[in-house]
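What follows is one structure encoded as structure tokens, with my remarks underneath.
The values are calculated or read from the model by the stated rules, or taken from the named source; none is laboratory data. The model shown is predicted, which means the values in this text are computed figures rather than measured ones. Cβ: placed from backbone, ideal geometry, glycine included. Neighbour counts: every protein chain shown.
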Amino acid sequence: MKGRMPAIVRQAMLALALCLAVPGPVLAVQPDEVLADPGLEARAREISKGLRCLVCRNESIAESNAELARDLRLLVRERLQKGDSNEEVVDYIVARYGEYVLLKPTMTGGNWLLWAAGPVMLLIALGGGLVYVRSRARATEPAQQALSDAEKARLREILGD
């Protein structure tokens, strides 16, 4: 028993080994997509982090392995090589695929309603709860009626008096 590790130490070491074995998030950018200019490549990766993969839904095109995400990454790099600014690239893709392609949509147009819906519903729920609590506090207790003689007799009979 001298050479054996305590069970808790073995479990801790196993947990640490499993944590180290699980890979972290891996970007899906293929080697043939990478631009020769490191500055443009950094811009392309930054833009790609803000664009939604239309196949995977809640994954950026930088993380997605879908073919459409690859096409969008190539499109971003193509536009950057043509001299577009980051905003122009994003505007071009939004014009082509709609605002849904943005992972963080803007608060313009009809989106303000979506942004405001959560807080408005919370305020409505809090108002409804407040009205309910106040109405319960103001409510009077129903008047207690005394037992009739027949009820008193029946109660004594049940209780065994």
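A few comments on the model shown:
- Scan of the range 19-52 for residues that are at pLDDT 75 or above, in a helix (DSSP H, G or I) and either exposed (fewer than 13 other Cβ atoms within 10 Å of the Cβ) or in contact with a strand residue (DSSP E or B) (Cβ under 8 Å, 6 or more places away or on another chain) (or both), ordered by number: P38, G39, A42, E46, S48, K49
- A153 in a loop (DSSP other than H, G, I, E, B) and of a type in the set (A, V, I, L, M, F, W, C): no
- Check on A116, among the small types (G, A, S), under 23 Å from C53 (Cβ atoms) and assigned to a helix (DSSP H, G or I): no
- V55 being at pLDDT 85 or above, in a loop (DSSP other than H, G, I, E, B), within 26 Å of the chain's Cα centre (by Cα) and β-branched (V, I, T): yes
- Scoring Y100 on the criteria (1) loosely packed, with under 12 Cβ neighbours inside 10 Å; (2) within 19 Å of the chain's Cα centre (by Cα); (3) without any contact (Cβ under 8 Å) to a residue 12 or more places away in the chain leaves a single failure, condition (3).
- The residues listed here are A125, A139, A116; of these, the one that is out of contact with any Lys or Arg (no Cβ under 7 Å at 6 or more places or on another chain), loosely packed, with under 10 Cβ neighbours inside 10 Å and free of Cβ contacts under 8 Å to residues at least 12 places away in the same chain is A139.
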